[in-house]
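Take a look at the structure below.
Just so it is clear, none of the values below were taken in a lab; they were calculated from the coordinates. All of these numbers come straight from a predicted model, not from anything done at the bench. We place every Cβ from the backbone using ideal geometry, glycine too, and count neighbours over all the protein chains shown.
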Amino acid sequence: MARQNVILFGLDFETTGTVDPYPVQACLVMRQNGTDRVLLNTLVKPRKPIEPEASRVHGITDEAVVHAPDEAVVAWTITTLIRAYTRDVDGTVQQGFFLVTFNGANFDVPLLDSLVPHPLQAHAIPLPHIDVLRFARHYFPEVKGTNGGKTLGELYHIFTNKPLSSAHDAAVDVLGTLELLEAMRIKAGVTIWQLAEEQRRPKPYAVMPIGKYTGTPIDEIPKSWAHFMLDKDLDQDLRATVEYILQR
């Protein structure tokens with residue numbers, strides 16, 4: 001496939017909640033030449049009840065998913081669809097295909113990997129991955145939502161000048177993430193290939209994106225804070241940031 005050709009697979013899950021989450025909705029969208037094709041958008045029957053707070057956010061109840069396919073079937077469908085589009089007849093993955101998520105490096109991708117059987121675990125979607133939240137934190141540290149954070153809805157409104165209607169529906173969130181990626185990519189002047197290459201490995205933040213020191217250049221953050229964070233459950237870039245502070 002020619003290098004200039006790019007096909008994106010957007011993925012999003014809505015889940016049972018924050019404690020030991022399992023999917024209750026899954027959406028997979030393929031974007032090619034600016035056209036979106038919904039490959040899968042389904043409710044999912046999880047192995048545990050949905051937390052009431054989660055239901056209030058995404059509107060999905062236990063009753064709504066009683067007859068939905070279970071999580072193993074949905075995970076298998078997602079991986080099978082992506083492999084069908086991206087693999088040559090000899091089974092090798094073609095170039096030019098990318099997985100796109102919002103905070104998926106810490107959530108959606110590990111969740112999917114946990115649902116597919118061994119030996120596919122950790123390789124459920126063998127594509128270069130672009131996490132749009134990581135992109136926003138590295139390239140636009142000064143851009144923040146009304147509460148100082150970087151939610152999908154806030155960033156979407158800032159970069160597209162449109163509201164993200166019905167956020168926390170997996171299909172809406174996937175399409176919004178793909179549109180946000182394009183708007184941010186144009187603003188930053190980078191290519192999909194460049195972003196995917198940059199996100200292949202952990203990268204320390206130049207400016208702290210969350211927590212007590214939000215907005216502070218990391219060279220100004222005390223080592224005492226980094227020592228405190230060492231035993232915390234951090235995403236890969238925050239872990240790299242802590243290590244950088246301790247080594248400087």
Review point. If R0 is 35 Å, what FRET efficiency do you get for GLN32 and SER166 from their C-beta distance, rounded to 0.05?
Key: 0.90
Revision key, fill the gap. note: segment 1-144, Cα-Cα separations exceeding 22 Å make up a percent value of 43 percent
Review point. Considering amide H positions built from the backbone, and no H for Pro or chain starts, which residues 5 or more places from ASP62, or on another chain, come under 5 Å of its amide H?
Key: ILE50
Practice item. Return the ratio Rg/(2.2 N^0.38 Å) for segment 204-248, where Rg is computed over Cα atoms only. Key: 0.97
Practice item. Fewest Cβ neighbours within 10 Å first, please rank ARG83, ARG37 accordingly. Key: ARG37, ARG83
**Study point:** Calculated P(r) of segment 13-82 - Cα pairs past 14 Å, %
**Key:** 57 percent
**Study point:** Per-residue ³J(HN,Hα) for segment 240-248, Karplus 6.51 cos²θ - 1.76 cosθ + 1.60, θ = phi - 60°, Hz, x for Gly and Pro
**Key:** 5, 5, 4, 5, 4, 4, 5, 8, 6
Point to revise | Linear extension gain, LEU81 paired with VAL143, 0.36 nm per residue minus alpha-carbon span | key: 18.8 nm
Practice item. Determine the shape class of segment 150-211: with a ≥ b ≥ c the square roots of the Cα gyration tensor eigenvalues, call it rounded for a/c under 1.5, and otherwise prolate if a/b is greater than b/c, oblate otherwise. Key: prolate
Practice item. Give me the distance between the Cα centres of segment 196-244 and segment 29-89, rounded to whole Å. Key: 32 Å
Revision key, fill the gap. Here the relative contact order (percent) of segment 24-152, from C-alpha pairs under 8 Å and at least 6 apart, is 17 percent
Practice item. Quote the relative contact order of the chain in percent (integer), defining contacts as alpha-carbon pairs under 8 Å separated by 6+ residues. Key: 17 percent
Study note, to complete from the structure: In order over segment 82-99: 3J(HN,Hα) from phi, Karplus 6.51/-1.76/1.60, θ = phi - 60°, whole Hz, x for each Gly or Pro, gives 5, 5, 5, 7, 9, 9, 6, 4, 8, x, 6, 7, 6, 7, x, 9, 9, 8
Point to revise | Rg followed by Dmax, in Å, when segment 127-166 is reduced to its Cα trace | key: 10.8, 34
Review point. Using θ = phi - 60° and the Karplus curve 6.51 cos²θ - 1.76 cosθ + 1.60, what whole-Hz ³J(HN,Hα) does each residue of segment 157-163 get, with Gly and Pro shown as x?
Key: 5, 5, 8, 10, 6, 9, x
Review point. For the chain, what is the mean residue ellipticity at 222 nm derived from helices alone (per DSSP H run of n ≥ 4: -39500 (n - 2.57); sum divided by total residues; nearest 500 deg cm²/dmol)?
Key: -11000 deg cm²/dmol
Check your understanding: Per residue, what volume in Å³ does the convex hull of the Cα atoms of segment 105-175 enclose?
Key -> 111 Å³
Check your understanding: Order of 46-55, 139-148 by packing, highest average Cβ count within 10 Å first?
Key -> 46-55, 139-148
Point to revise | Highest-MSF residue in the chain out of VAL93, VAL24, VAL44 [GNM, Cα springs under 10 Å] | key: VAL93
Practice item. Work out the FRET efficiency for LYS203 and HIS227 from their Cβ-Cβ distance, taking R0 = 35 Å, and round it to the nearest 0.05. Key: 0.95
Exercise for review: Give the Kirkwood hydrodynamic radius (Å, one decimal) of segment 128-248, defined as one over the mean of 1/r across all pairs of different Cα atoms.
Suggested key: 15.4 Å
Review point. Evaluated at 25 °C with a viscosity of 0.890 mPa s, what Stokes-Einstein diffusion coefficient in µm²/s does the chain have when Rh comes from the Kirkwood expression over alpha-carbon pairs?
Key: 128 µm²/s
